[in-house]
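Please treat every number below as a calculation from the coordinates, not as lab data. Because the structure is a prediction, the values reported are computed rather than measured. Heads up, the Cβs are rebuilt from the backbone with ideal geometry, glycines too, and the neighbour counts pull from every protein chain shown.
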Amino acid sequence: MSTPVNITAGSHVWVEDPELAWIDGQVSKIDGKNAEIQTSDGKTVVANLSKLYPKDMEAPAGGVDDMTKLSYLHEPGVLQNLAIRYELNEIYTYTGNILIAINPFQRLPHIYDAHMMEQYKGAPFGELSPHVFAVADVAYRAMINEGKSNSILVSGESGAGKTETTKMLMRYLAFLGGRVATEGRTVEQQVLESNPVLEAFGNAKTVRNNNSSRFGKFVEIQFDKHGRISGAAIRTYLLERSRVCQVSDPERNYHCFYLLCAAPPEVIEKYKLGNPKSFHYLNQTNCYELSGINDAHDYLATRRAMDIVGISEKEQDAIFKVIAAILHLGNIEFAKGEEIDSSVLKDEKAKFHLKMTAELLMCDAQALEDALCKRVMITPEEVIKRSLDPLAATVSRDGLAKTIYSRLFDWLVDKINVSIGQDPNSKSLIGVLDIYGFESFKTNSFEQFCINFTNEKLQQHFNQHVFKMEQEEYTKEEIDWSYIEFVDNQDVLDLIEKRPGGVISLLDEACMFPKSTHETFAQKLYQTFKTNKRFIKPKLSRTDFAIAHYAGEVLYTSDQFLDKNKDYVVPEHQDLLGTSKCPFVAGLFPPIAEETSKSSKFSSIGSRFKLQLQQLMETLNSTEPHYIRCVKPNNLLKPAIFENVNVMQQLRCGGVLEAIRISCAGYPTRRTFFEFNNRFGLLAPEVLEGNYDEKVACKKILEKKGLTGFQIGKTKIFLRAGQMAELDARRAEV
Ligand code: ATP
Ligand code: MG
């Protein structure tokens, strides 16, 4: 970013601080390349001059609602501006066209009510305080006026507020494009009510968020030629499957399991349910209840929402029956059988749960037991039944639970889509993307790899857009921008997705080759990417690898990459449920075409995800994008706590700093001629005497002070990074 200029004894500056990221202070002494600074928290620190940033002593006390209005655009200035505003409950701030939203972790009064919606309706962008409604409004107006599709991309880390923001956007769009209340269900009602349904089945409490979406979502809202909502389509991405059978304290499984356990007594009796503590899939953690959530109430609310989106009562019963079956399935335990490496049901309890599972899934109990404990091998001579040991049988059981659950989730999404309906005549749409942000944990596996791949894709899209917007502004003002360049992340994308030879390709190859292990896979990566700048082989590991993502380096553990990449349903499970007497269950397991079932080719989750992403990018590329960056101000999930270092890291991952960097590579400071003369006229009072031309006056002032490289546009003056600070310093000398 901008290099410091004219820092002398007495200058007010920002200096790096290990705890606060940046702290302000005043230079007391300069010694060669170093400065001694008295910080505002009473310390004396010494720092290299090149590490200091000038502090704008004229920045408004309440901050500015758009970062581009900051006189000095740099990291500490951006951070301070957000902190000041957050303290005043101003959670929204623009950076040009990007909206930064900081989670308030409390319901702020009136900011989303009907009156507010009325106010934002049709108001010119930037006239009212920054708001999600303003973003939705521009998108809608642009769509109506230009007949072009728009999209709103919401991103941020877990708990940052993406889903809440998305819901607010959808509410506002429904307000703009809704009909006057008519009989029955309206499309916009269905679109809105799809949220609670998907949340019941796709959200769970995690350490980062009590209502964490465990899937990505793109909602495409279609409009007719009158600007009314006429259809919608929901696409979802990568539901976290492992959570169905594996939950660690203090997290929970998907909400729907707890809702069902809190259903009215007749339901509990019918499905032989009871306390969630009695089910293995729920009792691996000590967390059952959520503060402020009433599961019994939410069970009924979910069913009501299902009514609205068009899921019939019969289908609802079938859905919850399957959920009950999964709970019973998880309680089927195995013990060693008499033959070597075989297993039997552990005890009476296991037998009871097997019987219940079979009853609920409407299949034969013995067939279910066999499907869990045995594998059929077909050789040219005979058909052999091989037994599984208790551990393998348990893995088989969990595999079945995950498959049923993910098929059920996909069914819900399809059903909602069919029920809302697509408008074939729709000319334009507004897409809303609510997708997981960049992740880097202590251990990162295949899921993080896919998530971070998504973020690389979106980052590229974002950079190109920001860059384009900058260029457009310059073109409009007729100034020269030819020498601005920016660094692309195409090299990381190539590393991940190139065919052949990218990580996903190599993973698929490993999955198809029976003898591969995660060790051979890792070795192959090491060999292939030996000289790749974005790939790192950790010194002490033989199976881990790291990728230098745009947001930082992430270390991946390859252990489960092969397994997690294989989307494979055991034929025994397929046969069992495909022939269930319950049409709903059988419908989740449609017959597989003969060729696919026989061919040794497996279905790759990584490649399918890559394809989904490609389609998403194609859709996004045909729209005018708008970006909302959600920020989580603290990890305690509490209001009024703003952790500087934490926020800084998120601004970096969300590309906000990158956007600022791109902007700084050009002319980050823009002032109208009037504003400029007002601030700097006293540097050359003679040019402002009598009748003068504002534009010429600006030029004269700049030339008098020996500045070069600036540009004079049609209505504004464009300054290079740091030039504003330089002029301020000169002004202080006058
Ligand atoms: P994940 O990636 O885990 O799904 P997310 O970014 O979707 O996270 P949300 O579920 O939207 O996060 O928000 C987390 C919580 O923060 C909400 O349950 C709510 O309590 C609070 N919250 C978020 N945004 C707002 C807001 N604008 N006003 C009040 N509270 C909010
Ligand atoms: Mg969410």
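So in the range 467-500, with the set limited to residues that are of a type in the set (A, V, I, L, M, F, W, C) and in contact with a strand residue (DSSP E or B) (Cβ under 8 Å, 6 or more places away or on another chain), which one is surrounded by the fewest Cβ atoms within 10 Å (Cβ to Cβ)? Explain how you work it out, then say what you get.
Looking only at the range 467-500, we keep the residues that are of a type in the set (A, V, I, L, M, F, W, C), and these are 467, 469, 479, 481, 484, 486-487, 492-493, 495-496.
Cutting the leftovers down to in contact with a strand residue (DSSP E or B) (Cβ under 8 Å, 6 or more places away or on another chain) gives us 479, 492, 495-496.
Working: Ile479: 18, Val492: 23, Leu495: 24, Ile496: 23.
Restricting to residues being of a type in the set (A, V, I, L, M, F, W, C) and in contact with a strand residue (DSSP E or B) (Cβ under 8 Å, 6 or more places away or on another chain), the top hit is Ile479.
In the range 696-723, how many are over 15 Å from Thr669 (Cβ atoms) and outside any loop (DSSP other than H, G, I, E, B)?
Counting residues in the range 696-723 that are over 15 Å from Thr669 (Cβ atoms) and outside any loop (DSSP other than H, G, I, E, B) gives 6.
Just the residues that are under 28 Å from the mean Cα position of the chain (by Cα) and surrounded by 20 or more Cβ atoms within 10 Å (Cβ to Cβ), please, taken from the range 53-69.
Gly63, Met67
State the number of residues belonging to the range 152-174 that are under 21 Å from Asn452 (Cβ atoms) and either more than 16 Å from the chain's Cα centre (by Cα) or near ligand 1 (Cβ under 6 Å from one of its atoms) (or both).
7
Thr543 is checked against (1) over 25 Å from Met377 (Cα atoms); (2) loosely packed, with under 13 Cβ neighbours inside 10 Å and fails just one. What number does that condition carry?
(2)
Select, from Glu269, Glu338, the only residue that is outside any helix (DSSP H, G or I), over 28 Å from Ser194 (Cβ atoms) and over 27 Å from the mean Cα position of the chain (by Cα). Lay out the reasoning, then the answer.
Details: Glu269 fails: outside any helix (DSSP H, G or I).
Just a single option satisfies the conditions, and that option is Glu338.
Test Ala114 against the stated conditions and say whether it is surrounded by 14 or more Cβ atoms within 10 Å (Cβ to Cβ) and small (Gly, Ala, Ser).
On the way: surrounded by 14 or more Cβ atoms within 10 Å (Cβ to Cβ): no; small (Gly, Ala, Ser): yes.
For Ala114, the condition - surrounded by 14 or more Cβ atoms within 10 Å (Cβ to Cβ) and small (Gly, Ala, Ser) - is not met.
Inspect the range 513-530 for any residue being of a type in the set (Ser, Thr, Tyr) and touching a residue at least 60 places away in the same chain (Cβ under 8 Å) and give the result as yes or no.
The first filter runs over the range 513-530 and keeps only residues of a type in the set (Ser, Thr, Tyr), leaving 516-517, 520, 526, 528.
Checking which are touching a residue at least 60 places away in the same chain (Cβ under 8 Å) leaves us with none.
Within the range 513-530, none of the residues are of a type in the set (Ser, Thr, Tyr) and touching a residue at least 60 places away in the same chain (Cβ under 8 Å).
Looking at Arg85, is it within 30 Å of Tyr667 (Cβ to Cβ) and either among the basic types (Lys, Arg) or within 16 Å of ligand 2 (Cβ to nearest atom) (or both)?
Numbers: within 30 Å of Tyr667 (Cβ to Cβ): yes; either among the basic types (Lys, Arg) or within 16 Å of ligand 2 (Cβ to nearest atom) (or both): yes.
When the stated conditions are applied, Arg85 passes them.
Might you check whether a residue that is within 16 Å of ligand 2 (Cβ to nearest atom) and surrounded by fewer than 20 Cβ atoms within 10 Å (Cβ to Cβ) occurs anywhere in the range 253-274?
Scanning the range 253-274 turns up no residue that is within 16 Å of ligand 2 (Cβ to nearest atom) and surrounded by fewer than 20 Cβ atoms within 10 Å (Cβ to Cβ).
Can you name the residue in the range 220-230 that is of a type outside the set (Ser, Thr, Tyr) and touching a helix residue (DSSP H, G or I) at 6+ places or on another chain (Cβ under 7 Å) and, of all such residues, is nearest to ligand 2 (Cβ to nearest atom)?
Of the residues in the range 220-230, the ones of a type outside the set (Ser, Thr, Tyr) are 220-229.
Going one step further and asking which of them are touching a helix residue (DSSP H, G or I) at 6+ places or on another chain (Cβ under 7 Å), we end up with 221, 223, 227-229.
On the way: Ile221: 18, Phe223: 25, Gly227: 28, Arg228: 28, Ile229: 23 Å.
Within the range 220-230, the match that is nearest to ligand 2 (Cβ to nearest atom) is Ile221.
Could you go through the range 401-421 and let me know if any residue there is surrounded by 21 or more Cβ atoms within 10 Å (Cβ to Cβ), hydroxyl-bearing (Ser, Thr, Tyr) and assigned to a helix (DSSP H, G or I).
Yes, the range 401-421 contains at least one residue that is surrounded by 21 or more Cβ atoms within 10 Å (Cβ to Cβ), hydroxyl-bearing (Ser, Thr, Tyr) and assigned to a helix (DSSP H, G or I).
Only one of Val585, Val569 is in contact with a helix residue (DSSP H, G or I) (Cβ under 7 Å, 6 or more places away or on another chain), within 20 Å of Glu447 (Cα to Cα) and among the β-branched types (Val, Ile, Thr); which?
Working: Val585 fails: within 20 Å of Glu447 (Cα to Cα).
So the residue among Val585, Val569 that is in contact with a helix residue (DSSP H, G or I) (Cβ under 7 Å, 6 or more places away or on another chain), within 20 Å of Glu447 (Cα to Cα) and among the β-branched types (Val, Ile, Thr) is Val569.
Check whether at least one residue in the range 636-644 is surrounded by fewer than 18 Cβ atoms within 10 Å (Cβ to Cβ), within 16 Å of ligand 2 (Cβ to nearest atom) and more than 18 Å from Phe462 (Cβ to Cβ), and report yes or no.
So far as the range 636-644 goes, yes, one or more of its residues are surrounded by fewer than 18 Cβ atoms within 10 Å (Cβ to Cβ), within 16 Å of ligand 2 (Cβ to nearest atom) and more than 18 Å from Phe462 (Cβ to Cβ).
Taking the range 181-231 as the region of interest, how many residues are of a type in the set (Ser, Thr, Tyr) and either within 14 Å of ligand 1 (Cβ to nearest atom) or within 23 Å of Leu408 (Cβ to Cβ) (or both)? It would help to see each step written out before you state the result.
Looking only at the range 181-231, we keep the residues that are of a type in the set (Ser, Thr, Tyr), and these are 182, 186, 194, 206, 212-213, 230.
After this cut, where a residue has to be either within 14 Å of ligand 1 (Cβ to nearest atom) or within 23 Å of Leu408 (Cβ to Cβ) (or both) as well, the list is 194, 206, 212-213.
Selection size over the range 181-231: 4.
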